Amino acid sequence: MTGEEDVRGDSGSLTEEQAERMFAGMNEVIRAGEEMRGLRTEMIRVLAGLGWTQDRIARLADMSQPAVSKQAAKHRTDEPPTPMALSLDQHDAPWLEGRLWGLAEEISETLGEAARCSRYVDALARGRKRFTPRNVDELRRLVEEDLMLHREGMPAGYRKAYDRISRGLDVPPKTAATSTGTTAASASVRRALAHRIQRDHLGDAPNGGWTNG
């Protein structure tokens, strides 16, 4: 046995490769946490723009009312917020990506371990994957495989949703409809909203939980 093999095997020492993998895992968790905090802050602004009270937002976000007030004040401007459209059928890329993500989660939960998209869905949820064009294409491929392989036992609405999402991603709109609030929030917020609304729509949740008040 060589000295290097001894270090890797019997000595109990930590190799540089092992340490690198450990730090990579830690950095993923830290990065995902920072992104989630940023996303929560943006969601507070969006919900405040929809007319939700700070007390209501604080209760739902499990935060104190002063903390919500501080976050809302940080992003307050003199201009009134642009009304944000929450209809399912929108055509900007982040919205369609969020719908695809929501559909993939539904498929993963329906099929369990048999779903080919499950590992990708888990990676997205944990921040190990980003919504790059390459990753979105890979998720589309996995979702389509699941829909084809399990078409007999899959709700018809899954295929209909995928077809609309896929067409939208293949032929993006030439202009953004800013007048309806399509670009009023960041890409990450729009993905999160579309993800939730798509899941609620497929699950037939009344109103998707997004009525104002």
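Bear in mind that the values in this text are calculations on the coordinates, not laboratory data. None of the values given here were measured: they were computed from a predicted structure. As a convention, Cβ positions derive from the backbone with ideal geometry for all residues, glycine included, and neighbour counts pool all protein chains shown.
Once you list every other residue whose beta carbon is under 10 Å from the beta carbon of residue 162, what net charge do they have if Lys and Arg are +1 and Asp and Glu are -1? Provide the component values of the computation, followed by the final result.
On the way: positive: 99, 140, 159, 160, 164, 167; negative: 144, 146, 163.
Around residue 162, the surrounding residues sum to +3.
Please compute the length gained on full extension between residue 145 and residue 85, using 0.36 nm multiplied by the number of residues separating them and subtracting their Cα-Cα distance.
Details: separation 60, 0.36 × 60 = 21.60 nm, distance 3.14 nm.
Extra length from residue 145 to residue 85 when fully extended: 18.5 nm.
Along the three principal axes, how long is the stretch 106-156 when you take its alpha carbons, biggest first, rounded to the nearest angstrom?
31, 18, 15
Around residue 95, what is the net charge, scoring Lys/Arg as +1 and Asp/Glu as -1 over all other residues with Cβ under 10 Å from its Cβ? List each step's numbers first, then the result.
On the way: positive: 99, 190, 191; negative: 89, 92, 97.
So the environment of residue 95 carries a net charge of 0.
Given the peptides 111-121, 17-27, 185-195, arrange them by the average over their residues of other C-beta atoms within 10 Å, most packed first. Walk me through the numbers before you get to the answer.
On the way: 111-121: 17.0, 17-27: 10.4, 185-195: 20.9.
Ranked from most to least packed, the peptides come out as 185-195, 111-121, 17-27.
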